[in-house]
1. If packing is taken as the average number of other Cβ atoms within 10 Å across a peptide's residues, how do 87-93, 100-106 rank, most packed first?
2. Would you look at the GNM of the chain, springs on alpha carbons closer than 10 Å, and say which of 65, 94, 110 moves the most?
3. Using just the helices of the chain, give the 222 nm mean residue ellipticity in deg cm²/dmol: DSSP H runs with n ≥ 4 each add -39,500 (n - 2.57), and the total is spread over all residues, rounded to 500.
4. How big is the gap, in Å, between the Cα center of the stretch 55-80 and the Cα center of the stretch 4-26?
5. Can you list the residues, at least 5 places off or on another chain, whose amide H is less than 5 Å from the amide H of residue 97, using H built in the peptide plane?
6. If I build a Gaussian network model for the chain, linking alpha-carbon pairs within less than 10 angstrom, which residue out of 115, 95, 42 has the largest mean-square fluctuation?
7. Please state the relative contact order of the chain as a whole percent: Cα pairs under 8 Å, 6+ residues apart?
8. Given 0.36 nm per residue, what is the gain on full extension from residue 84 to residue 100 after removing their alpha carbon distance, in nm?
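Rule-based calculations on the coordinates, nothing more; no lab input. In this text, all values refer to a predicted model and were calculated from it rather than measured experimentally. Note that each Cβ is placed from the backbone with ideal geometry, even for glycine, and that neighbours are counted across all protein chains shown.
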Amino acid sequence: MRALIQRVSRARVTVAGRMTGEIGAGLLILVCAMQGDTEAEAERLAQKIVKLRIFKDAADKMNLSLADTGGAALVVSQFTLGADTSRGNRPGFSAAAAPAEGERLYTFFSDRLRAVGISVANGEFGADMDVELVNQGPVTIWLDTAA
């Protein structure tokens, strides 16, 4: 699985003008299941993100995790993270999981975050979404379970 995480002071996602998810301080997590991914990759990615120390402590050092801060997560499906841009100018997306499997793993990933006590809001799988965020830092990190 692939994820692009951004430390935010707030974020929200809307579909056709209807808000589907909103958080205050925490992480915006754009996530893509890839062909061949399983629940094991989704679990590993969720655990990594929850423990990643990218929030500032009292000494202004990035030393605290999402779990440490009590922050929330806004999880948004993003199949375009599976883009192959190695040939030509039009990305290919065949490396991303098929929609049904992608949605299943997206839901499983969100549920794994909830299982460890993280407050989770979601986008709408497969929808055309507008995502708004205030990237704090800015801090943006790319994660890939295949790497």
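1. Working: 87-93: 9.3, 100-106: 18.0.
Answer by packing, highest mean first, reads 100-106, 87-93.
2. Result for the chain, Cα springs under 10 Å: 94 fluctuates most.
3. Values: 3 runs with 34 residues, N = 147.
Calculated at 222 nm, the ellipticity per residue is -7000 deg cm²/dmol.
4. So the two Cα centres are separated by 14 Å.
5. Those lying under 5 Å, H to H, from residue 97 are 33, 34, 35.
6. Result for the chain, Cα springs under 10 Å: 115 fluctuates most.
7. Details: 324 pairs, mean separation 56.7, N = 147.
Answer for the chain is 39 percent.
8. Details: separation 16, 0.36 × 16 = 5.76 nm, distance 2.04 nm.
Gain on extension, residue 84 to residue 100, equals 3.7 nm.
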